[in-house]
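Engineer: My questions all concern the structure below.
The values are calculated or read from the model by the stated rules, or taken from the named source; none is laboratory data. Predicted, not measured: the structure shown is a model, and the values here were computed from it. Note that we place each Cβ from the backbone using ideal geometry, even for glycine, and neighbour counts take in every protein chain shown.
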């Protein structure tokens, strides 16, 4: 009887030890994952932001360095310029901004794109990029979008979400359709970005840009 109890106790002790080792391994793994995530969160890769939302304010903040480096250029003299965020989508995937630099006679429209990516370690991060349009191209593009929507609305309305219209402007592709609530929807494809562009944000961008640039 004592031998049987000793065997059962030994078996129970071994089982508890195995479970304890498994729990310890899980805790170690979980701790390592936390450390890995924290390490990635302490720095940003080129044109990436780690796991946080992208707002109109952040688009404005980051667009300033882009305008200085890529549009206006270096200058030993003080240069005055203005950037105004016109509209942002509810998702934050696309923000439109207008810029002006009177001394350099530069003005135009910026698209600030933003989207999710996975790196090789399986960590989610978000990348951003800017597309520049001079004044003439910006006004032409917005007028073309408005014209195409109006010309193709009957076709789109026949079968919402299934009937689509797309066209290219420079290196962008615009996709237009209706959702089940009959709201006009747009997606903008550029490089690796696939951004939803709210119709209300498009209308605000067009009206504000025309008012700001055409009146000068």
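Engineer: Mind checking which residues of the range 182-216 are part of a helix (DSSP H, G or I), closer than 18 Å to residue 92 by Cβ and in contact with a strand residue (DSSP E or B) (Cβ under 6 Å, 6 or more places away or on another chain)?
Structural biologist: Result: 199, 201, 204, 205.
Engineer: Taking the conditions exactly as written (under 23 Å from the mean Cα position of the chain (by Cα), more than 21 Å from residue 199 (Cβ to Cβ) and surrounded by 14 or more Cβ atoms within 10 Å (Cβ to Cβ)), does residue 66 satisfy them or not?
Structural biologist: yes
Engineer: Filter the range 174-194 down to the residues that are surrounded by fewer than 13 Cβ atoms within 10 Å (Cβ to Cβ) and under 23 Å from residue 113 (Cβ atoms) and list them by number.
Structural biologist: Of everything in the range 174-194, those that are surrounded by fewer than 13 Cβ atoms within 10 Å (Cβ to Cβ) and under 23 Å from residue 113 (Cβ atoms) turn out to be 179, 183, 191, 192.
Engineer: Scan the range 131-151 and give yes if some residue there is touching a helix residue (DSSP H, G or I) at 6+ places or on another chain (Cβ under 8 Å) and assigned to a strand (DSSP E or B), otherwise no.
Structural biologist: yes
Engineer: Restrict the check to the range 153-173 and report whether at least one residue is in a helix (DSSP H, G or I) and surrounded by 13 or more Cβ atoms within 10 Å (Cβ to Cβ).
Structural biologist: There is at least one residue in the range 153-173 that is in a helix (DSSP H, G or I) and surrounded by 13 or more Cβ atoms within 10 Å (Cβ to Cβ).
Engineer: Filter the range 108-130 down to residues that are within 21 Å of residue 211 (Cα to Cα) and touching a residue at least 40 places away in the same chain (Cβ under 8 Å) and give me whichever is nearest to the chain's Cα centre (by Cα).
Structural biologist: Looking at the filtered set, the residue picked out is 112.
Engineer: Now for a separate question. Please tell me if residue 154 is in contact with a strand residue (DSSP E or B) (Cβ under 9 Å, 6 or more places away or on another chain) and either in the same structural domain as residue 66 (by TED's automatic domain parsing) or modelled with pLDDT of 95 or more (or both).
Structural biologist: no
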